[in-house]
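Colleague: This is the structure I want to talk about, given as C-alpha cells.
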Amino acid sequence: MKVKFFTTLVFTVAGVFFLVANADAEKLRQLTKMYDAQIKGYGVSEYEFGKTYCVDFTKNERVCKAYKSGDGGLYFIVQKNNETIETWEHPPGTGNGTENFYVYYGDLDNDKSSELVVVSTTNVTNGRLVPTSNVYIMSEPIEENSSKPLVFPVEEFGEKDNFIFDAKRNETLILATEWDGYDDLDPKRLGGTYLVGRWFRYRRGLLRPALDKPILARRYLFSFEEERWQTLDDGDWKHRPYLWLKNKTTHKFYTEPKERSALVSKKYGTIEKYEEQSLFEECEIARRFTIHLDSGETIIVSSEAPSIQIDDKKERWQNVVWVEDFGLLPQRVSLPFEFSPLSIFKKVEGKRVKLETYKDKYGDYSRLWFLEN
C-alpha cells in the first residue's frame with residue numbers, strides 16, 4: 001500500500017532550477033539579468049515586493065512577474081516588443097516577491113525549437129521545511145491567445161538535480177521528486193516516508209513518463225535526515241534530491257511494488273467528466289473523475305482526502321470513492337500525486353480506466369489506473 005505523505009503549508013521562498021548536469025552539453029541556458037520595469041496595469045507599491053521585475057529571454061521577448069493593480073493578484077506576463085502576448089496567474093496567498101523567479105530558455109525536447117521555462121517556489125512546509133516549486137514550460141513561438149503553459153509541481157527541487165541532461169542521448173530528463181509514503185518497500189519494516197523520484201520527458205507540450213528509467217525511492221531515516229540538513233546548511237541552502245537518491249539504500253523499481261493488502265474489487269470504465277477544484281486558497285487541488293463503469297453504474301472518484309472534509313462539503317461525498325494514487329497500465333507506474341492528468345494527456349474524457357480497491361486493517365483504499373498512455 002502506498003500512502004501519500006501530506007504536509008502543512010506555512011510560508012514561501014523563491015526557487016531555482018539549473019536544468020542540466022553537464023555545462024558542456026547544456027541545451028537550456030539560465031537568464032539572470034533581472035530588472036524592474038513599468039507595465040500598464042501592474043505594480044502596486046514602491047517597495048521591492050510590489051515592483052514589476054522582468055527577464056529578457058530573446059532580443060525582443062521578456063517574461064515578468066508583477067502584482068495586478070486592480071485585483072492585487074500575482075501574475076507572470078510574457079511580452080514581445082513590449083506588447084503583452086500571454087499571462088498566467090501565480091498561486092495566490094503565497095507571499096512570494098515579484099523578484100523571486102528564474103528563467104531558462106533553450107531546446108528542452110530536442111525538436112529544434114526553444115522552450116521558455118519559468119520556475120517559482122509556491123510554498124514551504126513547516127517542520128521539515130520542504131519546498132514545492134511550480135515549473136512552467138511554454139514552447140516557441142509564444143503567441144497571443146496561445147495555450148497556457150504546462151505546469152507541474154516539484155518538491156525538494158535542486159539547482160543541479162531535477163532537470164538532468166543525458167549527453168549520450170542528447171536529451172534532458174525531468175526528475176519529478178516528492179515525499180511520499182510506502183507500506184511495502186521494506187518488508188522487514190513498517191510503512192515509512194520516502195523521497196521519490198520519477199523520470200519524465202517533455203514532448204509536444206506534455207510530460208511523458210520515461211518508462212525505461214527506474215523509479216527511485218529512499219526511506220527517510222535518521223541518517224537521511226542528518227545528510228539532508230548537512231546539505232542544506234552547507235552554503236546557500238541548496239537542495240540536492242538527485243544526489244540524495246544516489247545513496248546505496250535507495251530502492252530502484254520499474255513498476256509499483258505488489259500490494260500487501262487483499263484485493264477487494266476491480267472495476268473497469270470510461271471517464272465521462274474530469275474536474276479540478278482548488279482547496280485551501282489553491283494550495284491544493286482536488287481532482288474528480290466521473291466514471292461510467294462497464295457494469296452500467298456511474299461513480300465519482302476523487303483525490304480529496306476524507307480527513308479534510310468540512311460540514312459544507314458533505315454533499316460532495318455522496319457516492320464518491322476516494323483514491324490515494326493514480327497511475328498508468330500496463331506498466332503499473334504511479335504518477336506524482338500532485339500532478340494533473342492534463343500534464344500527461346491532452347484530454348482526460350474518454351480514457352479507459354481500472355479502479356482497484358484493497359482492504360487493510362484501517363479499511364478500504366483505492367487506486368485508479370489509466371489503461372492507455
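Colleague: With no solvent and one equal point scatterer per Cα, compute the Debye intensity ratio I(q)/I(0) for the chain at 0.06, 0.14 Å⁻¹ and report its log10, rounded to two decimals.
Modeller: These q points yield log10 I(q)/I(0) values of -0.24, -1.32.
Colleague: Calculate the spin-label point distance for I85 paired with N60, positioning each point 7 Å from the Cα along the beta-carbon direction, and give it in nanometres.
Modeller: 0.9 nm
Colleague: Would you calculate a helix-derived [θ] at 222 nm for the chain, using -39,500 (n - 2.57) for each DSSP H run of n ≥ 4 and dividing by the full residue count, to the nearest 500? Let's see the in-between values first.
Modeller: Working: 2 runs with 17 residues, N = 373.
Estimated from H runs of four or more residues: -1500 deg cm²/dmol.
Colleague: Around L108, which amide H atoms from residues at least 5 apart in sequence, or from another chain, sit under 5 Å from its own amide H, with H modelled in the peptide plane?
Modeller: Excluding prolines and chain starts, which carry no amide H, the hits are E115.
Colleague: Take the Cβ-Cβ distance between S113 and E46 as r, set R0 to 56 Å, and report the resulting FRET efficiency rounded to the nearest 0.05. Kindly include the intermediate steps, with their values, before the conclusion.
Modeller: On the way: r = 40 Å, r/R0 = 0.71.
It comes to 0.90.
Colleague: Now a separate question. Using packing as a proxy for protection, rank 196-206, 39-49, 149-159 so that the peptide with the highest average count of other Cβ atoms within 10 Å comes first.
Modeller: Working: 196-206: 18.8, 39-49: 13.2, 149-159: 21.5.
Order by mean packing, descending: 149-159, 196-206, 39-49.
Colleague: Right, another one. With angles folded into 0 to 90 degrees, how steeply does helix 222-233 sit against the dominant principal axis of the chain? Use alpha carbons for both and round to 10.
Modeller: Once rounded, one gets 10 degrees.
Colleague: Return the subset of K273/K347; K160/K246; K40/K80; K168/K258; K148/K168; K168/K246 for which the Cα-Cα distance in this structure is over 22 Å, preserving the input order. Before the final figure, lay out the partial values.
Modeller: Values: K273/K347 10 Å; K160/K246 13 Å; K40/K80 15 Å; K168/K258 33 Å; K148/K168 32 Å; K168/K246 20 Å.
From K273/K347; K160/K246; K40/K80; K168/K258; K148/K168; K168/K246, over 22 Å: K168/K258; K148/K168.
Colleague: Moving on. If you take the Cα Rg of region 55-108 and divide it by 2.2 N^0.38 Å, with N the number of residues, what do you get? Working shown, then result.
Modeller: Working: Rg = 11.9 Å, N = 54, 2.2 N^0.38 = 10.0 Å.
Cα Rg divided by the expected 2.2 N^0.38 Å: 1.18.
Colleague: Sticking with this structure for a sec: Extending each Cα 7 Å along its Cβ direction at K188 and N373, get the distance between those two points in nm, one decimal.
Modeller: Label-label distance for K188 and N373, simple model: 3.1 nm.
Colleague: Compare the Cα positions of N60, Y136, L207 along the charge dipole of the chain (+1 at Cβ of Lys, Arg; -1 at Cβ of Asp, Glu; about the Cα centre) and return the one farthest towards the positive end.
Modeller: Working it through, the farthest residue towards the positive pole turns out to be L207.
Colleague: Using a simple charge model, +1 on the beta-carbon of Lys and Arg, -1 on the beta-carbon of Asp and Glu, nothing else, what dipole does the chain show about its Cα centre, in debye to the nearest 20? Show your work: numbers first, answer last.
Modeller: Values: 53 positive and 59 negative charges, 264 e Å.
The calculation lands at about 1260 debye.
Colleague: Based on the Cβ-Cβ distance of K359 and A286, what FRET efficiency does E = 1/(1 + (r/R0)^6) give at R0 = 25 Å, to the nearest 0.05? Could the numbers behind the result be given before it?
Modeller: On the way: r = 24 Å, r/R0 = 0.97.
With R0 = 25 Å, the Cβ-Cβ based efficiency is 0.55.
Each value in this text was obtained by applying a stated rule to the coordinates, not by laboratory testing. Note that the structure is a prediction, hence the values are computed from the model and not measured. Here the Cβ is made from the backbone with ideal geometry for all residues, glycine too, and neighbour counts use every protein chain on show.
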